[in-house]
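Let me begin by presenting the structure, written as structure tokens, before commenting on it.
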Amino acid sequence: DTAVSQTPKYLVTQMGNDKSIKCEQNLGHDTMYWYKQDSKKFLKIMFSYNNKELIINETVPNRFSPKSPDKAHLNLHINSLELGDSAVYFCASSHGQGNTGELFFGEGSRLTVL
Amino acid sequence: SQKIEQNSEALNIQEGKTATLTCNYTNYSPAYLQWYRQDPGRGPVFLLLIRENEKEKRKERLKVTFDTTLKQSLFHITASQPADSATYLCALDGGSNYQLIWGAGTKLIIKP
């Protein structure tokens, strides 16, 4: 069983569309994250949830909205997609605080906006 | 401003030799530092975590050092193998809850 799974793995869409990426973890972790990895390979945190509560909300456009229906799921919805949104989006989870412990990542969702 | 630097150029090492990767940081005082491995098209995979009061940590062929005076961590792979070829990322405790700050990674190529 995959520990952190995210779907879809690839997403190609037109500018202006709305899309969602789903993430599920079966590790029993309390904290989940969304990261964006750009073409220069920097990983930047976007959001973090702890027990369904938003903990980190970095400066991202409000077109990006995370939703955590339960502590095993953290979905990312993106409205009005723009060219600059093209990147790989990674979901991750950790037991407790991620800065003090291991993060488990999903395989990534490569978003291409045309 | 806060900055994390890893060698941006790929590191080419002959199989069997020791590979050493560097992570330098400025304007941070991290309590923890982590190293991850990332293969193409995959998510990062955790390797080692070292605390500020630990000078060195080992796991099999891997060794990490953490020098808070130099503001540097070194990541060593001894007896390197072609399978060790990947991008290696360092990440620092950013000081606020749940926050990790990431370097851009160094691509390591082990030649047979």
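Going by what's in this entry, would A:T112 be described as among the β-branched types (V, I, T) and at pLDDT below 95?
It is false that A:T112 is among the β-branched types (V, I, T) and at pLDDT below 95.
Do we find a residue being within 14 Å of another protein chain (Cβ to nearest Cβ) and among the charged types (D, E, K, R) anywhere in the range B:65-80?
As a first pass, look at the range B:65-80 and keep what is within 14 Å of another protein chain (Cβ to nearest Cβ): none.
No; the residues of the range B:65-80 include none that is within 14 Å of another protein chain (Cβ to nearest Cβ) and among the charged types (D, E, K, R).
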Checking B:E5, B:E60 in turn, the sole residue that is within 13 Å of another protein chain (Cβ to nearest Cβ) and among the acidic types (D, E) turns out to be B:E5
Between a first residue in the range A:35-52 that is free of Cβ contacts under 8 Å to residues at least 12 places away in the same chain and a second residue that is hydroxyl-bearing (S, T, Y) and part of a strand (DSSP E or B), which pairs have beta carbons less than 9 Å apart while being 6 or more apart in sequence or on different chains?
-> A:K41/B:T87
Positions within the range A:21-54 being open to solvent by 10 Å² or more (accessible area, probe 1.4 Å), within 13 Å of A:S93 (Cα to Cα) and not polar (S, T, N, Q), in sequence order = A:E24, A:L27, A:G28, A:H29, A:D30, A:I45, A:Y49, A:K52
Elements of type strands (runs of 3 or more DSSP E) in the range B:1-76, at least 1 residues being modelled with pLDDT of 95 or more, of a type in the set (D, E, K, R) and surrounded by 13 or more Cβ atoms within 10 Å (Cβ to Cβ) | B:32-38, B:56-59, B:62-67
Could you tell me which residue of the range A:76-111 is farthest from B:G43 (Cα to Cα), considering only residues that are in contact (Cβ under 8 Å) with a residue 40 or more places away in the chain, more than 14 Å from chain B (Cβ to nearest Cβ) and open to solvent by 40 Å² or more (accessible area, probe 1.4 Å)?
-> A:S80
For B:A104, state whether it is closer than 30 Å to A:K9 by Cα and not charged (D, E, K, R).
-> yes
Scanning for something outside any loop (DSSP other than H, G, I, E, B), more than 9 Å from chain A (Cβ to nearest Cβ), open to solvent by 10 Å² or more (accessible area, probe 1.4 Å) and of a type outside the set (K, R), does the range B:89-108 turn up at least one residue?
-> no
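The values are calculated or read from the model by the stated rules, or taken from the named source; none is laboratory data. What you see is a predicted model, and the numbers here were worked out from it, not measured in a lab. Note that we place each Cβ from the backbone using ideal geometry, even for glycine, and neighbour counts take in every protein chain shown. Protein only, heavy atoms only, side chains kept; ligands, DNA and RNA dropped before computing areas. Shrake-Rupley method; radii C 1.70, N 1.55, O 1.52, S 1.80 Å.
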